[in-house]
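Remarks on the structure that follows.
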Amino acid sequence: PEGMRIAVQVIGAITLAIFMALLSAVVYFRNKNVIRYSSPVFSFFSLTGASMMIVTVFLLSPQPPTQGTCISAYWLLCVGFGLFYAGILVKTWRIIVVIRGASVFKAVSVPVRSLLAMITAIVLIEIILLILYSTIDTPDVVMRTPDDDVTLGLYEFRMVCQYPGASSVILWVLVAYN
């Protein structure tokens, strides 16, 4: 398990470095045609969301976990997922609208402001659900023993985040929403 944790953290660090390089490239080359045509603002949202999801690896790695890491890991994962897919979704939606307009020989313009409003709405719903998750029934850190987890040896234990009652229901709502 320790070797696996280190391997996952190394892979996460490499992936995060790649995402940071891509974010820097999008900002640096934002005036180049290939970046400009791919909507750099929404590419930035998607790469930022992907980076937030990767940071979750580092929050889930320390043992024993704390209540703060249990909560913040889901915040970063869910908001990151929302930003990542919202950026892709609005770019795709914009292309569909433009192509539909072109099919009837009509010039269509989709303002960036309306696309940003869509991203805001998607992420705002996530944040509302996460606030409910964080305040209604907070997660607990519990110890798992061989009686609870058959993968543990006779004298081993593992500290894990447990999401009781309402927080587990809200997590399932977040999964369904995503």
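Provide a single number: the residues in segment 10-63 that are open to solvent by less than 50 Å² (accessible area, probe 1.4 Å) and touching a Pro at 6+ places or on another chain (Cβ under 9 Å).
The total comes to 2.
Looking only at segment 17-70, count every residue that is over 17 Å from LEU83 (Cα atoms), outside any helix (DSSP H, G or I) and not charged (D, E, K, R) and tell me the total. Before you say what the answer is, go through the steps one by one.
Going residue by residue through segment 17-70, those that are over 17 Å from LEU83 (Cα atoms) are 17-18, 21, 24-25, 27-37, 57-70.
Going one step further and asking which of them are outside any helix (DSSP H, G or I), we end up with 29-32, 37, 61-66.
Next cut, not charged (D, E, K, R) only: 29, 31, 37, 61-66.
Selection size over segment 17-70: 9.
Name the single residue, out of those in segment 85-107 being open to solvent by 50 Å² or more (accessible area, probe 1.4 Å) and of a type in the set (Val, Ile, Thr), that is farthest from the chain's Cα centre (by Cα).
Quick first cut of segment 85-107, residues open to solvent by 50 Å² or more (accessible area, probe 1.4 Å) only: 85, 88-89, 91-96, 98-100, 102-107.
Subsequent filtering for residues that are of a type in the set (Val, Ile, Thr) retains 88, 92, 95-96, 98-99, 104.
Numbers: ILE88: 13, THR92: 19, ILE95: 24, ILE96: 25, VAL98: 28, ILE99: 29, VAL104: 38 Å.
Applying the filter and picking the extreme gives VAL104.
Closer than 28 Å to ALA50 by Cβ, of a type in the set (A, V, I, L, M) and open to solvent by 40 Å² or more (accessible area, probe 1.4 Å), is that true of ILE71? Let's see the steps before the verdict.
Working: closer than 28 Å to ALA50 by Cβ: yes; of a type in the set (A, V, I, L, M): yes; open to solvent by 40 Å² or more (accessible area, probe 1.4 Å): no.
Spelling it out, it is not the case that ILE71 is closer than 28 Å to ALA50 by Cβ, of a type in the set (A, V, I, L, M) and open to solvent by 40 Å² or more (accessible area, probe 1.4 Å).
Regarding LEU76, is this residue under 20 Å from LEU174 (Cα atoms), out of contact with any Gly (no Cβ under 6 Å at 6 or more places or on another chain) and modelled with pLDDT under 85?
On the way: under 20 Å from LEU174 (Cα atoms): yes; out of contact with any Gly (no Cβ under 6 Å at 6 or more places or on another chain): yes; modelled with pLDDT under 85: no.
When the stated conditions are applied, LEU76 does not pass them.
Do we find that GLU156 is touching a Gly at 6+ places or on another chain (Cβ under 8 Å) and either assigned to a helix (DSSP H, G or I) or not β-branched (Val, Ile, Thr) (or both) in this structure? I'd like the intermediate steps shown before the answer.
Values: touching a Gly at 6+ places or on another chain (Cβ under 8 Å): no; either assigned to a helix (DSSP H, G or I) or not β-branched (Val, Ile, Thr) (or both): yes.
Criteria not met by GLU156.
Taking only segment 109-137 into account, find how many residues are open to solvent by less than 50 Å² (accessible area, probe 1.4 Å) and in a loop (DSSP other than H, G, I, E, B).
Total meeting the criteria: 2.
Cβ contacts < 9 Å: first residue without any contact (Cβ under 8 Å) to a residue 60 or more places away in the chain, restricted to segment 9-23; second residue surrounded by 13 or more Cβ atoms within 10 Å (Cβ to Cβ) and outside any helix (DSSP H, G or I), any location; separation 6+ or different chain. Result?
GLN9/SER61; GLY12/SER61
The values are calculated or read from the model by the stated rules, or taken from the named source; none is laboratory data. Just so you know, these numbers come straight off a predicted model, no measurement behind them. Note: ideal-geometry Cβ built from the backbone for every residue, glycine included; neighbour counts use all protein chains shown. Accessible surface is based on the protein model in full, side chains and every heavy atom, while ligands, DNA and RNA are left aside. Shrake-Rupley method; radii C 1.70, N 1.55, O 1.52, S 1.80 Å.
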